[in-house]
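Trainee: First the structure, then my questions, so here it is.
The values are calculated or read from the model by the stated rules, or taken from the named source; none is laboratory data. It should be emphasised that the depicted structure is a prediction, and the values quoted were computed from it without experimental measurement. As a convention, Cβ positions derive from the backbone with ideal geometry for all residues, glycine included, and neighbour counts pool all protein chains shown. Just the protein is used for accessible areas: all its heavy atoms, side chains included, with ligands, DNA and RNA removed. Shrake-Rupley method; radii C 1.70, N 1.55, O 1.52, S 1.80 Å.
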Amino acid sequence: MKNKYSRKVVLIFLFIIIGVTAFYVFAPISKEKENVYLYIDNDDTPDSLFNKMEEHCHDYGATAVMTLSRHFNKGTFHPGRYTITPTTNAFVLFRNIRNGKQEPLNLVIPEVRTREKLAEAIAPNLMMSKEELLRYLNNNDSLAFLGAGIDTCTVISLFMPYTYEVYWNISPRKLLKKMQENHKTFWNDERKAKAKALGLTPIEVQTLASIVDEETNYLPEKPTVAGMYYNRLKTEMPLQADPTVKFAMQNFALKRIYNNMLLYPSPYNTYYVTGLPPGPIRIASVAGIDAVLNLHHHDFLYMCAKDDLSGSHVFAVTYPEHLKNAAKYTAAINARGIK
């Protein structure tokens, strides 16, 4: 009788242990009502991971995940970005971390001017640091795996201004490779044929488009601006594009370009050198690229901002005509005290 009673007690305790264990392992662990993310770095320890989980998870959930990891995965975990939903339990989170089943994120590539600004914009959204990404972007040896034509001057052309789905812990090398693959997709047969008809490579088209984008935000005007600069290229006339002076001097706050700036010694200064700069002066917009590929054919060789300061331009075929337009614009900005 005593043995029968003892067996019942043992079974009761066993069911209690199983019930408690099931609760710890399979009950929802999130404190939040919406999805949150757990970011695991390369240098995270069990203690630091536990502290991270405690921000969004109940203590029993964080404890259960770490216990499962310790017993079934030797306390190791894959770096990455993991989703914790309101219904996620410890077993599911442990399994995802063990298998590296992380949640991708949407990475937006902005239309910035420099590699430094690009790194500043995207690195905070990824596990890599700005400095880590710049070590690739600013080093030709690091870029060699991308093949001929890609160097520190042209690498920014690979970053098309789209939204990409990537993993948070993507490496700089894999990120660049992904950008290159999407760049190749963008440059389909139709676009490549149009570039070839103009006698330009895709990167040269993007370089010209970057100048067009800097010259005007007015979409209907972009193909006309592109046609004007193309006319200058064909006649081997210097492009003399003011935005390239700003880029060469790395001074994007300039509102006026003065004569003493025109001979600033830089391969990017198109007053100083003839032809295109060695690479884009910003991430070119898709509208800018297509404006170059579908540029307007005309005889204009000159352009000047309109004296109404609307941001649009007036075009001229001859230099004397251009000087008249320039005089009107200069008078307008002088009257407004713009320096």
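Trainee: If the reach is capped at under 16 angstrom between alpha carbons, list the lysines near LYS192, excluding any in the same chain fewer than eight residues apart.
Mentor: LYS192 reaches LYS184.
Trainee: Only one of the values [x] 164; [y] 184; [z] 122 was calculated from this structure for volume of the Cα convex hull per residue in Å³; name its label.
Mentor: Correct label, based on the coordinates given: [y].
Trainee: With every protein chain present, what is the per residue accessible area of the chain (1.4 Å probe, Å²)?
Mentor: 54 Å²
Trainee: Turning to a different aspect of this structure: If LYS184, LYS178 are ordered by their accessible area, calculated over protein heavy atoms with a 1.4 Å probe, which sequence runs from highest to lowest?
Mentor: LYS184, LYS178
Trainee: Still on this structure: Ignoring ligands, DNA and RNA, what percent of the 1.4 Å accessible area of the chain is carbon and sulfur?
Mentor: Carbon-and-sulfur percentage of accessible area, whole number: 54.
Trainee: Among the listed pairs LYS117/LYS255; LYS117/LYS328; LYS33/LYS174; LYS178/LYS234, give every one whose C-alpha distance is greater than 24 Å.
Mentor: LYS117/LYS328; LYS33/LYS174; LYS178/LYS234
Trainee: Output the relative contact order of the chain, whole-number percent, from Cα pairs under 8 angstrom with separation of 6+ residues.
Mentor: RCO, the chain: 13 percent.
Trainee: Testing the spin-label approximation: label points 7 Å from Cα along Cα→Cβ at GLU190 and LYS174. State their distance in nm.
Mentor: Calculated label separation equals 3.3 nm.
Trainee: Under a point spin-label approximation (7 Å from Cα along Cα-to-Cβ), what is the ASP59-TYR39 distance to one decimal in nm?
Mentor: 2.7 nm
Trainee: Anyone know which of ASN89, ASN99, ASN259 comes out most mobile in the 10 Å Cα GNM of the chain?
Mentor: Highest fluctuation among the options: ASN259.
Trainee: Right, next: Helix-only mean residue ellipticity at 222 nm, the chain, DSSP H runs n ≥ 4 weighted -39,500 (n - 2.57), per residue, nearest 500. What is it?
Mentor: -15000 deg cm²/dmol, from helical runs alone.
Trainee: Setting aside same-chain residues fewer than 8 positions from LYS31, which lysines have a Cα under 17 Å from its Cα?
Mentor: Of all the lysines, those that pass the test against LYS31 - Cα under 17 Å, at least 8 places apart if same chain - are LYS52.
Trainee: How much length is gained on full extension from ARG95 to THR330, taking 0.36 nm per residue of separation minus their Cα-Cα distance?
Mentor: Gain on extension, ARG95 to THR330, equals 77.9 nm.
Trainee: To continue, here is another question. If packing is taken as the average count of other Cβ atoms within 10 Å, what order do 218-230, 199-211, 319-331 fall into, highest mean first?
Mentor: Peptide ranking by packing, descending: 199-211, 218-230, 319-331.
Trainee: Still on this model: For TYR164, list long-range residues whose amide hydrogen, built 1.01 Å from N in the peptide plane, is under 5 Å from its own amide hydrogen.
Mentor: The answer is LEU107, VAL108, ILE109.
Trainee: Provide CYS304, CYS153 ordered by accessible surface of protein heavy atoms (probe 1.4 Å), highest first.
Mentor: Reading off the accessible areas and sorting them downward yields CYS153, CYS304.
Trainee: Let me ask something additional. Answer rounded, prolate or oblate for segment 142-191, using the Cα gyration tensor with square roots of eigenvalues a ≥ b ≥ c: rounded when a/c is under 1.5, else prolate when a/b is larger than b/c, else oblate.
Mentor: Judged from the Cα gyration tensor, segment 142-191 comes out oblate (a/c at least 1.5, b/c at or above a/b).
Trainee: Further question on the same structure: What FRET efficiency comes out for THR235 versus LEU105 if R0 is 41 angstrom and r is the Cβ-Cβ distance? Round to the nearest 0.05.
Mentor: So, using R0 = 41 Å, E works out to roughly 0.30.
Trainee: So what are the three principal axis dimensions of segment 76-126 from its Cα atoms, in whole Å, longest to shortest?
Mentor: 46, 25, 11
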